[in-house]
Every structure is written in structure tokens, then in C-alpha cells.
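Everything on this sheet refers to the single structure shown next.
The values are calculated or read from the model by the stated rules, or taken from the named source; none is laboratory data. Keep in mind that this is a model prediction, so the values were computed, not measured. Here Cβ is always computed from backbone atoms with ideal geometry, including for glycine, and neighbour counts include all displayed protein chains.
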Amino acid sequence: MNTLTVRRSGHIILEDITFQLNKGECWMVVGATGSGKTTFLKALAGHFPTGPDTLYRRAATEFVSFKEESSQFSYSGYFYQQRYQATMADNPEGSDAGYKSIPTLRDFLQLTDSPETESLIERLGLTPLLNRSFLKLSNGQTRKARIGKALLRHPSVLLLDNPFVGLDATFRAELTAWLGELTNQGLTLILVREPDDVPSFITHVAVLEKGRIKWAGAKEQYQAEAVVEARTVLPLLQTPPQPVDFLEAFHLRNVTVQYGETVIIKALNWVVQAGEQWALIGPNGAGKSVLLSLLYGDHPQAYANDVSVFDHRRGKSGESIWDVKRRIGFISPELHLYFPQSLSVRQVALTGLTDTLTPPNRITAETESDLLNLLNYFGLAQFAERSFGTLSAGEQRLILFIRAILKNPPVLLLDEPFQAIDAAHVQLARNLLDSFTHKTILFVTHDPLELPDSIGQLFAIQADSFGK
């Protein structure tokens, strides 16, 4: 790659990049949120038009992205709540009643019968999920599937964008060991990840800064820069907080969610009092996101169970789904996947006021002030009128975080909110959450280091109690 420059929507994302990848090398690419890491991998994979003598690729290359968009499957063809509708085990044709055909995991992987294939799928823990709709896999399961699909094609070069994001600690360790084995067998690898931990199989590190390669060299010469906590004044929301007019935010009694023979949640009991702040942890596939969907009103089986939200039994109080959503700020990896890329950053943040994917027609002066202050706080004000799709995954996640808190709700449901966000921005977000001393917060994470200091209670769910 010689002096490559990549522009998106008129904005320079990468500038004058020169890079050479040699057979057998294993590179780790690091950099702040928005530094161009994902675009760098996409450029190497040939996803952008390049001029003559700019990019030379002499080996079979596979790119595993943060988001699956291909001729086989695109989230733009579906809507967010659809993943909770109909059945978890789709019909033999892989389609839900009334919807367009949705591929199963088996379809997505394009499996062939061979001992090698069976071994790989078993190692990924995907064998029990092969007949499940791809749309309804958990975030971690989906990432495993993408990695598996790439490996099934036997690439010589594998490009992995944040491969450990969304994976539980056990599988992160297993994947690290597995990638080490593959590199010993001759796989050439580039992966994007945070600089806090350099896997043993890495040979080289490249540091991106504002679309340029700041430093590149052997792993032994690399020194991660210390994270300097920004001395930024916390924004004080001008929008009046919604009243806390409930004693129990959530109360679940003997709740079970299943589709046919597939049990997702079994006999779960949990009470969250107003003002409590909980960490929700558990391995991939344990049912964490499904649990939040029951509380947020997206899952229809909330009505078949004894689920009380804001002191009222769902389905029996006359309270609508919008009455529930109005008082909850929400973010999840799945919601991120479905967001329209054409909306402006400002419009995306404002959709939090309607609890839909559509911004409101009018907003108050207080909301306008809060939005500007929050964008400034995270260093994103210059992107306000940019289209959401031109931002990096980490920048998009920060905008969705702002979306969740903009209406100043009494409850926040935060499902892995810090995915793909660098340590400095994570600390800013943690500080902000710590300032919300009167809010009820449920925070899902695989990394306890992400938790705000204010989180004082833990609810752990285990995969052996839940359907795979």
C-alpha cells in the first residue's frame, strides 16, 4: 500500500498511508476512537477504489467486520424488534411467518459436511445454534459466526476488526489461543484492538492517529501511551429529570422465555428498586439481551410472564409500550446494527426523544443545549451535521450513548455501551454515569473494568441455567 488516501462523503479518513504486510507477520492496529482503524482494514481488504500502483494484494484475504453487511445478510432489510418475533427456531425454509426469508446460522456459514468443518464449528460453540435464525443470535454469538465463516474460507491473510468485542472472558482466552495456533501454522494476521493487552502471537504494532500512521514497528519496541484522563467539566443536563414515580423499576417473578424446545431464560426472579444501579453479567448466549428486551418492552413474551415495570404488571395495567420506553434510556449492540446510516449525527441523537429511529419535528431549547454540551463533552461537536454512517463504530456508539441519556430519563438500560470505544472516552462516559446518582441503571458488560464506580450491585446469569 503506497500513499493511500481514503475519503468518505468528502471527508478524509485516511491520508498518505504507506504500509507493507509480509507473509507470517501478525500486526495489531491501535488508535483512538475515530483514528481510522476500521477504514484501514477495509482499505487493505480492497473495499475502496484506489489509484494505480496504490494497493497490491497477493494473497487470499478475509475481513471480519464489526457489522455484517453482505449479499447474504444485511440488517437494513429488517427491523430491530423482528429479532424477538415469531420463533427462535425458524421453519425449515429459514423464514419467519409474514417476513422475508431470514437465513439460519447454517445458511450464513454455507456449511459443507467435513470433519474439519464440524471441528471448527464445535470449537466456536456454534453447533447447537446451526438451525437458529442468524437475526436472533446474541451479539457474541454473531461475532463468533463471522470469525468462523472467514476461517472456513482458508484465507492466507485474516483482517479482524475488534474480534474480542462482545465476547465473554472464557471465549476471549480461547480465541487468543486459537489465533496463536493459526499464526504458528502460517496465517498472516492484522487485528484492531485496544492497546492494553498485546497478544503473544503479535509481531508488530501500528499506531493510527487522525488517519495517519503515527508509529509502526516490532512489538518489542512498542510502548502504549498512558491514558490521560481529560479534565473536562461534566455537562449538567438542562432538561428537567423525569419524575421517579415508582418504587420498583422492574420485578420479574419466575420468568421463562422459550421458543419451541429452545429455552432462553428459565424461572428467573429479580427485583430492581428505584435508584439501584446494577451490573448484569453472564457468558455469551446466557440471555442478557433477551432479559433487557423484556424490560424495555421489545419482547412479546413479557406479556406471557409476570413482569412488572414501574410498579405495573405488563399487559394488565393499560400501560402501553411507549409509556414504558418514555422513561427508559436504552443502548445495545443490536440497536446499533439497525440504525439508519443516512441520518445526521444530530438526528440520531434526537431519536432518543421519540424512542424510535425517527427524530422529533421540534425540540426544546433545553434539549438543544444539552445535545451541544454532550457532543462537546465527548469531542464530537464537529460531526453534528455529518451522516451517521461516515463515523467510526466507536464514534457511532458514543452518539447512541448520548441518545440514551438526552431526555434525562429515570432509568438507563445499557447493554455493552462501551464497545469499540477507546479508554479515554470510556472514562468520560463512566464519569458522567457516576454523576447520575438518582437514576436506576442496569449495565451489561463482559469487562468489569468498564463499570462505573457507582454500580453497587451484581446480577449474574449462567449459561447452564439458560438455553443455548
Just one of E225, E220 is charged (D, E, K, R) and at pLDDT below 90; which is it? E225
Does G140 fit the bill of being under 26 Å from D415 (Cβ atoms), touching a Gly at 6+ places or on another chain (Cβ under 6 Å) and in a helix (DSSP H, G or I)? yes
With I321, I363 as the choices, which residue is more than 20 Å from the chain's Cα centre (by Cα) and modelled with pLDDT under 95? I321
Strands (runs of 3 or more DSSP E) lying entirely in region 1-41 (those with 3 or more residues that are surrounded by fewer than 19 Cβ atoms within 10 Å (Cβ to Cβ) and touching a residue at least 60 places away in the same chain (Cβ under 8 Å)): 11-17
Is there a residue in region 369-378 that is buried (at least 22 other Cβ atoms within 10 Å of the Cβ), out of contact with any helix residue (DSSP H, G or I) (no Cβ under 7 Å at 6 or more places or on another chain), in a helix (DSSP H, G or I) and at pLDDT 95 or above? yes
Looking only at region 332-350, count every residue that is surrounded by 16 or more Cβ atoms within 10 Å (Cβ to Cβ), over 18 Å from the mean Cα position of the chain (by Cα) and in a loop (DSSP other than H, G, I, E, B) and tell me the total. 1
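Condition check ((1) in contact with a helix residue (DSSP H, G or I) (Cβ under 9 Å, 6 or more places away or on another chain); (2) within 27 Å of S435 (Cβ to Cβ); (3) in the same structural domain as F443 (by TED's automatic domain parsing); (4) part of a strand (DSSP E or B)) across all residues:
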residue: I265; (1), (2), (3), (4): yes, no, yes, yes
residue: A279; (1), (2), (3), (4): yes, yes, yes, yes
residue: G285; (1), (2), (3), (4): yes, no, yes, no
residue: Q301; (1), (2), (3), (4): yes, no, yes, no
residue: V324; (1), (2), (3), (4): yes, yes, yes, no
residue: F330; (1), (2), (3), (4): yes, yes, yes, yes
Take the conditions outside the structural domain of N139 (by TED's automatic domain parsing), farther than 25 Å from W322 by Cα, surrounded by 21 or more Cβ atoms within 10 Å (Cβ to Cβ) and of a type in the set (A, V, I, L, M, F, W, C) and apply them to A429. Does it pass? yes
When region 198-224 is checked residue by residue, the ones that are under 28 Å from the mean Cα position of the chain (by Cα), of a type in the set (D, E, K, R) and either loosely packed, with under 12 Cβ neighbours inside 10 Å or on the phi > 0 side of the Ramachandran plot (or both) are K210
